[in-house]
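Notes follow once the structure below has been shown.
What follows is calculated from the coordinates using simple rules that are stated; it is not laboratory data. All of these numbers come straight from a predicted model, not from anything done at the bench. Cβ coordinates were reconstructed from backbone atoms using ideal geometry, including for glycine residues, and neighbour counts include every protein chain displayed.
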Amino acid sequence: MNFHRAVIKVGSALVSPESNGCSGKYLLSIAQFITACQQAGKEIILVSSGSVAAGRQSIHHSSPIPSIQTKQAMGAVGQMKMMANWQRFFDQACGQLLITHGDLKDRQHYINIKNTIRILLANHVLPIVNENDTVASDEIKVGDNDNLAAQVALVSEADCLFILSDVDGVFDSDPRYNPDAALIPEIAEITEDIYAMAGCTHNPIATGGMKTKIQAAEKAIEYGITTYIVNGSKSEVFEHLLKGENPGTVFLAQQNTIGPARKHWLKHTLKSNGEIFLDQGAVKALSRNGASLLSSGIIDCKGSFIAGDAIDLVDPNNNRVIAKGICQYSQPELQQIKGVQSEEIFNILGYRPSKVIVHRDDMVIL
Ligand code: GLU
């Protein structure tokens, strides 16, 4: 398997095949796949749908298509059942992340999500993400977990996305009506024809269907994230994946990999809101040793920035900007902690959201 960190998205049809309550029927082989990936040194983040379906039987509803409010209440019940259901398949701890599109657009929330995932993975905890359905009204709703999974893949800097559902992949026509429909194993470019071929879902509990899966793939491959759509209800699919074979449809990542794409975005798109002046030890550690920036290496800072903003990292000896990065602290916070050891940050601020000031992954050397 040619990836380092993957997001695995599991659809409601697999978590709740009867559309009522949780089931372990398909989750065992998915969990075994996750464990096998981890044992091979890969990092996995799970995006799981199914809370609404899992909570369905606990909330009274007279119509087969419940109102948004009723679904939100179902989600509140089902989320706990779904998490408990996942946890029983793992020896490792699972961590729950409930996020909205609004969170992904908010710089501070975005960086909090990113840091949480980073720390969970470093502690061998399996992050399990779902949309925060209770608070997500239309404007802040991602709407479907396929697109949410693509965004989680970006935030977590994954290089692979697996979308598991109850279909084998993308077909050249609708296999339910055309017995000659053929599975398309590889898609190098997502065109209108691909969307047209994919048709849409008829599964009443599925939110997304094939269209949102292809949209998610489109977003992901643009950032260098190889995306698979595979049938998670067939255990042999996972055997193929573990052997490095493709049992469904793979969307090939565009040539620029996630690293360069993100760094390009950081370098060219994000505007710097301030400057951090480094001591010579930090200049050397950053430019030669690939280190993150620590508070001890900071002499001073200027500008008006908040955590999550881009800032320039400057060598004061020649006033050259040696790097650009995303700062984990605001300018007033940095003023208080410049020059101190990381261990001191908590004593000074009363909190320490991050040990480093600018993480290596969020930095581009110029
Ligand atoms: N967040 C919804 C749930 O857990 C699912 C959305 C989706 O499947 O796309 O039920």
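Starting from the Cα of Leu242, step 7 Å toward the Cβ, then list every residue of the range 16-31 with an amide N under 12 Å from that point. Once the point is set 7 Å along Cα→Cβ of Leu242, 29-31 turn out to lie under 12 Å by backbone N, inside the range 16-31.
Going by a ≥ b ≥ c, the root eigenvalues of the Cα gyration tensor, does the range 52-204 fall in the rounded group (a/c under 1.5), the prolate group (a/b larger than b/c) or the oblate group?
It is oblate, given that a/c is not under 1.5 and a/b is not larger than b/c.
Restriction of the trypsin sites (Lys or Arg not before Pro) in the range 69-105 to DSSP coil positions whose beta-carbon has at most 16 other beta-carbons within 10 angstrom yields Arg88. Relative to the longest principal axis of the Cα atoms of the chain, the long axis of helix 107-122 lies at roughly 80 degrees.
The share of alpha-carbon pairs in the range 269-308 lying farther apart than 15 Å comes to 46%. Rounded to the nearest whole angstrom, the semi-axes of the ellipsoid equivalent to the chain, taken from the Cα gyration tensor as √(5λ), stand at 40, 23, 18, largest first. Rounded to the nearest whole Hz, the Karplus-based 3J(HN,Hα) values (6.51 cos²θ - 1.76 cosθ + 1.60, θ = phi - 60°) of the range 32-38 follow the sequence 5, 5, 4, 5, 5, 4, 5, with x at glycine and proline. Using C-alpha pairs below 8 Å separated by at least 6 residues, the relative contact order for the chain is 14 percent. Sort out for me the Cα centre separation of the range 75-142 from the range 295-344, rounded to whole Å. Each part reduced to its Cα centre gives a spacing of 30 Å. Treating the angle as unsigned and between 0 and 90°, give the value, to the nearest 10°, between the Cα long axis of helix 68-87 and the longest Cα principal axis of the chain. On a 0 to 90 degree scale, this one is about 80.
Kirkwood-type hydrodynamic radius, the range 288-366: 12.6 Å, calculated from all non-identical alpha-carbon pairs.
Kindly put Arg176, Arg352 in sequence by how many other C-beta atoms sit within 10 Å of each C-beta, fewest to most.
Numbers: Arg176 11, Arg352 17.
In order of increasing Cβ crowding within 10 Å: Arg176, Arg352.
Overall dimensions of the range 53-113, expressed as equivalent-ellipsoid semi-axes from the Cα gyration tensor (√(5λ), whole Å, largest first), are 26, 20, 6. Comparing Ser12, Ser233, Ser296 in a Gaussian network model of the chain where C-alpha atoms under 10 Å apart are linked, the largest mean-square fluctuation is found at Ser296.
Taking other C-beta atoms within 10 angstrom as a stand-in for reagent exposure, Met1, Met363, Met83 fall in the order Met1, Met83, Met363, fewest first. At the listed q of 0.14, 0.18, 0.19 Å⁻¹, the Debye profile of the range 128-202, built from one uniform point per Cα, gives log10 I(q)/I(0) equal to -0.63, -0.93, -0.99.
A straight Cα-to-Cα reach below 27 Å connects Lys263 with the lysines Lys9, Lys42, Lys105, Lys114, Lys213, Lys219, Lys271, Lys284, Lys302, Lys324, Lys338, Lys355, residues fewer than 8 places away in its own chain not being considered. In plain terms, the chain from Glu344 to Arg107 could stretch by 82.8 nm, reckoned as 0.36 nm per residue minus the Cα-Cα distance.
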